[in-house]
Amino acid sequence: MKITDLEPKLIWECFNEITKVPRPTHHLEKMKKFLMDWAEKHNISYSVDEVGNVVMRKAATPGYENAPTVILQGHQDMVAEKNGDKEHDFLNDPITTIVDDDWVKADGTTLGADNGLGCATAMAVLLDDKLIHGPIEALFTVDEEQGLIGANGLQPGFVTGSILLNLDSEEMGQLVIGCAGGKVTLAQKKLEYLDAPEDKSWWKVSLSNFKGGHSGMEINLGRGNANQELCRFLWSIWKEYSVVLSDITGGGLANAIPREASAVIGVDKSKEEDLLREVKKFNDMLHAEFLLAETPDFIFNIEKATVADKIISEDEAFTLVSSVFACPNGVQTMSRAVEGLVETSCNLASVKIADGEVTVTVHQRSSVDSRRDEIANRVKALFEMVGYTVSFDDAYVGWAPNPDSAVLNKAKESYLSLFGEEPKVEALHAGLECGLFLEKIPELDMISFGPTLKDIHSPSEKANIPSVQAFWKFLCDLLQRLAQG
């Protein structure tokens, strides 16, 4: 079965079109052109602003012209993650979708349902002439996943609505009324390289097939961080095995829990057999520790490597390994205001070497901005202490909950009427653009909701088909209630 055979047909047909458009964060030229061409094809009015946000407009159903204008909002970009053995060029290749029972997933890559399904849903509303609604503005923002650039760059007057429905949440039946703020920390240092010693045995040590996932939504699930676990192992054997380091790399995007990491090391030739035993022992230990949190398919592995020409100087290599091992990671504090909500977290996202310079990227989140800054400064203190230059990037504010929201009350009424039960009203540890929208348009009344997605920001990402049907039914009913007042 193809996704275009699924219901609601309009959503899945629009999403199918989106999956054919390469749209990783910071590379949205093709997506912007697609949206403009799509609007022109369907005779829909649109505008594009300086940063690349696109807004499309649809007039109200006759008789509802005086209803408040509703903004349907999603972001254009997707997280570009793939399995290590998957050949895929996110700048040029379409996403290959697979229908598997009640789920839609991709072939070895992220699906891009975050937030392609939100965009597709707004497009479906623009196309469906059977709906009852007030004036509609469909806002497609750029680069939400890194820097929230579209929301940051939104100018006054680009949208005029007083109600905003953010279509970027991942659990059907959940109405989101608040989210965490965040900040990215970059620790960088130019490395000193030396000629590689001739008396070493060379190995590639790697950790692969961790689940990974969204560094906000899944940070509380206890999943492994490939960067930290790799450096944990290297630190534990460093002195006894006289380790030297030629290369190290791990992780990807700041908002994705790292699934894979590897290092090329040299050890004394007399220690080869002992090293193999240490790797097996560590692999067994990790499987015991992550028995309930991780897939059993992950592996900590070692294989022979090509003899290295250069190594990182011993002091700098050990400092790098030790700092990554010691870096704060995972849940730091739980909220005292909202039961079960992560207040503050840290994601040790990536370790990369390019042109002789290492960059360690760490993503902090918190529903309390001062705690977000505190954990970021702890990371800064750690790396500055060992000679790194530290900077901050992509800071964004949180979204304070408004339990008295009028649109929230309408949404609760709609959900109860349709499904016979109360929706869950929650704040998220993930970052949404809503806090920035509220800074720019203080009078906005907002909620966020969406269909059920699992394992976003990882190649295991999948969208639940029945939940998309329920999501569409709910959105259509809510638009009618908002139009009718």
* Would you mind counting up the charge near Ala483? Only other residues with Cβ under 15 Å from its Cβ, with Lys and Arg at +1 and Asp and Glu at -1. => -3
* Asked: Of the accessible area of the chain, with the probe set at 1.4 angstrom, what percent is carbon plus sulfur?
  -> 48 percent
* Subset of Lys183/Lys410; Lys352/Lys462; Lys30/Lys105 violating a 30 Å alpha-carbon distance limit -> Lys183/Lys410
* Structure fact -> Rounded to the nearest 10, the angle in degrees between the Cα long axis of helix 369-385 and the longest principal axis of the Cα atoms of the chain comes to 20 degrees
* Asked: Near Leu418, within a Cβ-to-Cβ distance under 10 Å, what is the net charge of the other residues, with Lys and Arg +1 and Asp and Glu -1?
  -> -2
* Structure fact -> The farthest towards the positive end of the charge dipole of the chain, of the residues Ser448, Val390, Val205, given +1 on Cβ of Lys and Arg and -1 on Cβ of Asp and Glu, is Ser448
* Structure fact -> Rounded to the nearest 500, the 222 nm mean residue ellipticity computed for the chain from DSSP H runs (n ≥ 4, each -39500 (n - 2.57)) alone is -9500 deg cm²/dmol
* Asked: Roughly speaking, what is the stretch gain from Thr295 to Lys2, that is 0.36 nm per residue apart minus the C-alpha to C-alpha distance, in nm to one decimal?
  -> 102.7 nm
* Amide H contacts under 5 Å for Thr96, placed H, 5+ residues apart -> Asp107
* Structure fact -> If unit charges are put on Cβ atoms (+1 for Lys and Arg, -1 for Asp and Glu) and the dipole of the chain is taken about its Cα centre, the option from Gln469, Thr295, Ala349 lying farthest towards the positive end turns out to be Gln469
* Heavy-atom accessible area order for Met334, Met385, Met36, largest first, 1.4 Å probe -> Met385, Met334, Met36
* What FRET efficiency comes out for the pair Thr389/Lys33, r = Cβ-Cβ distance, R0 = 41 Å, nearest 0.05? -> 0.60
* Asked: How large is ³J(HN,Hα) for each residue in region 146-153, as worked out from phi by the Karplus curve 6.51 cos²θ - 1.76 cosθ + 1.60 (θ = phi - 60°), to whole Hz, x for Gly and Pro?
  -> 9, x, 6, 5, x, 5, 5, x
* To do: Can you tell me the dipole magnitude for region 1-137 around its Cα centre, using point charges on the Cβ only (Lys, Arg +1; Asp, Glu -1), in Debye to the nearest 20?
  => 340 debye
* Structure fact -> Judged on accessible area alone, 1.4 Å probe, highest first, Thr160, Thr359 line up as Thr160, Thr359
* Structure fact -> The helix 465-484 Cα axis meets the longest alpha-carbon principal axis of the chain at an angle in degrees, between 0 and 90 and rounded to 10, of 40 degrees
* Asked: So which trypsin sites (Lys or Arg not before Pro) in region 61-164 end up in coil per DSSP with only 10 or fewer other C-beta atoms within 10 Å?
  -> Lys130
* What figure in square angstrom, to the nearest 10, would you give for the accessible area of Lys183 with a 1.4 Å probe? -> 30 Å²
* Structure fact -> Note on region 127-279: contact order normalised by length, alpha-carbon pairs under 8 Å, 6 or more apart, percent, works out to 23 percent
* Expressed as an acute angle from 0 to 90° and rounded to the nearest 10, what is the orientation of the C-alpha long axis of helix 29-41 relative to the principal long axis of the chain? -> 20 degrees
* Go through Asp143, Asp393 and list them by solvent-accessible area, largest first, probe radius 1.4 Å. => Asp393, Asp143
* To do: Express in Å², to the nearest 10, the accessible area of Glu240 obtained by rolling a 1.4 Å probe over the protein heavy atoms while all chains stay in place.
  => 110 Å²
* Please report the orientation-averaged projected area of region 347-485, defined via the convex hull of its C-alpha atoms, in nm². => 11.8 nm²
* Structure fact -> The rounded separation in angstrom of the Cα centers of region 445-472 and region 1-31 is 14 Å
* Using +1 on the beta carbon of Lys and Arg, -1 on that of Asp and Glu, and nothing else charged, what's the dipole of the chain about the Cα centre, debye to 20? -> 400 debye
* Structure fact -> The relative contact order of region 350-445, taking Cα pairs under 8 Å that sit 6 or more residues apart, comes to a percentage of 24 percent
* What's the local net charge at Lys30, with K and R +1, D and E -1, over the other residues with C-beta under 10 Å away? -> +3
* Heavy-atom accessible area of Thr295 with all protein chains present, probe 1.4 Å, nearest 10 Å²? -> 30 Å²
* Structure fact -> Taking the dipole of the chain about the Cα centre (Lys, Arg +1; Asp, Glu -1; charges at Cβ), the one of Ser370, Ile98, Leu276 that reaches farthest to the positive side is Ser370
* Asked: If you look at just the Cα atoms of region 1-142, how large are its Rg and its Dmax in Å?
  -> 15.8, 56
* Asked: Which pairs in the list Lys239/Lys304; Lys82/Lys473; Lys41/Lys440; Lys82/Lys281 are over 30 Å apart, alpha-carbon to alpha-carbon?
  -> Lys82/Lys473; Lys41/Lys440
* To do: Taking the Cα centre of region 352-485 as origin, work out the dipole magnitude from +1 charges on Lys and Arg Cβ and -1 charges on Asp and Glu Cβ, in debye rounded to 20.
  => 340 debye
* To do: For region 289-298, take each phi angle, set θ = phi - 60°, evaluate the Karplus expression 6.51 cos²θ - 1.76 cosθ + 1.60, and give the result in whole Hz per residue in order, putting x for glycine and proline.
  => 5, 9, 3, 9, 9, 10, 5, x, 7, 5
* Structure fact -> Rg from C-alpha atoms of the chain, normalised by the globular rule of thumb 2.2 N^0.38 Å, equals 1.04
* To do: Would you mind calculating the relative contact order of the chain from Cα pairs under 8 angstrom and at least 6 residues apart, reporting the percent as a whole number?
  => 24 percent
* Just subtract the alpha-carbon distance of Ala288 and Ala381 from 0.36 nm times their residue separation and send over the number in nm, one decimal. => 30.2 nm
* Long-range HN-HN contacts of Glu461 with modeled amide H, under 5 Å -> Leu111
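The values are calculated or read from the model by the stated rules, or taken from the named source; none is laboratory data. Values in this document were obtained by computation on a predicted structure and should not be read as measured data. Note that we place each Cβ from the backbone using ideal geometry, even for glycine, and neighbour counts take in every protein chain shown. Side chains included, ligands, DNA and RNA excluded: accessible areas come from the protein's heavy atoms. Shrake-Rupley method; radii C 1.70, N 1.55, O 1.52, S 1.80 Å.
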